[in-house]
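Rule-based calculations on the coordinates, nothing more; no lab input. The model shown is predicted, which means the values in this text are computed figures rather than measured ones. No Cβ is skipped: glycine too gets one built from the backbone with ideal geometry, and neighbour counts run over all protein chains shown.
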Amino acid sequence: MKSVKTYTLEEAKRTLENYCAYQERCHKEVTQKLYNMRMIPEAIDLVVVHLLEHDFLNETRFAKAFVRGKFRFKKWGRRRLEIELKRRDIGRFNILEAFKEISDAEYLSTFHTLAEKKAATITETNPLKKKKKLADFLLYRGWESHLVYDKVNELF
């Protein structure tokens, strides 16, 4: 039978400090990690409080970093960002704070660049199918439908 590593409270704190220092984490990721380490609920609460007190864990900071990263590198729109943050149990206030990280000008510029780049790669000859492919691509990335449909009609 495989032996399961057990952690003392101090070992768990150090492990999670390193986990949070490596990259921003949300509360949900941290509690899941602690459950996977087979920590009891009381210990999980103590470790989370310790991480909060020592600023290893900060939901607002996590939300801002998440939005900046996914927007800049994956070119996600606000809808997708909001859905992904809600999936991580991030509150409304933190989501709105995080969206302030992206200026409207940068947001629209990224959207237009992404749409035009993708439109140039679609080889479909049927104009309706072409429109659908571009719209599906942009909607999946979380861009607002009014932006998507205006752009699709402008391009084709």
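Could you pull out the pairs from Lys64/Lys117; Lys13/Lys86; Lys33/Lys75; Lys28/Lys132; Lys28/Lys133 whose alpha carbons sit more than 32 Å apart here? Those over the limit are Lys28/Lys132; Lys28/Lys133.
When shorter helices are ignored and each DSSP H run of at least 4 residues is given -39500 (n - 2.57), the per-residue value for the chain at 222 nm works out to -23000 deg cm²/dmol. In this Cβ point-charge picture (+1 for Lys and Arg, -1 for Asp and Glu), the chain has a dipole of about 860 debye about its Cα centre.
Springs join every pair of Cα atoms under 10 Å in this Gaussian network model of the chain, and among Glu59, Glu124, Glu84 the largest mean-square fluctuation is at Glu124. Run a plain Debye calculation on segment 9-53 (Cα atoms as equal point scatterers, no solvent) and give log10 I(q)/I(0) at q = 0.22 Å⁻¹, rounded to two decimals, same order as the q list. Those come out to -0.64, one per q. Comparing Thr113, Thr15, Thr121 in a Gaussian network model of the chain where C-alpha atoms under 10 Å apart are linked, the largest mean-square fluctuation is found at Thr121.
Which order do the peptides 20-30, 134-144, 96-106 take when ranked by the mean count of other beta-carbon atoms within 10 Å per residue, highest first? Please list the in-between numbers first.
Numbers: 20-30: 16.4, 134-144: 18.5, 96-106: 13.5.
Order by mean packing, descending: 134-144, 20-30, 96-106.
Between amide H atoms placed 1.01 Å from N, distances below 5 Å from Leu57 occur with Leu52, all of them 5 or more places distant or on a separate chain. Counting only residues at least eight positions apart within a chain, or on another chain, the aspartates and glutamates with an alpha carbon under 13 Å from that of Lys130 are Glu116, Glu154. Dividing the alpha-carbon radius of gyration of the chain by the rule-of-thumb value 2.2 N^0.38 Å gives 1.39.
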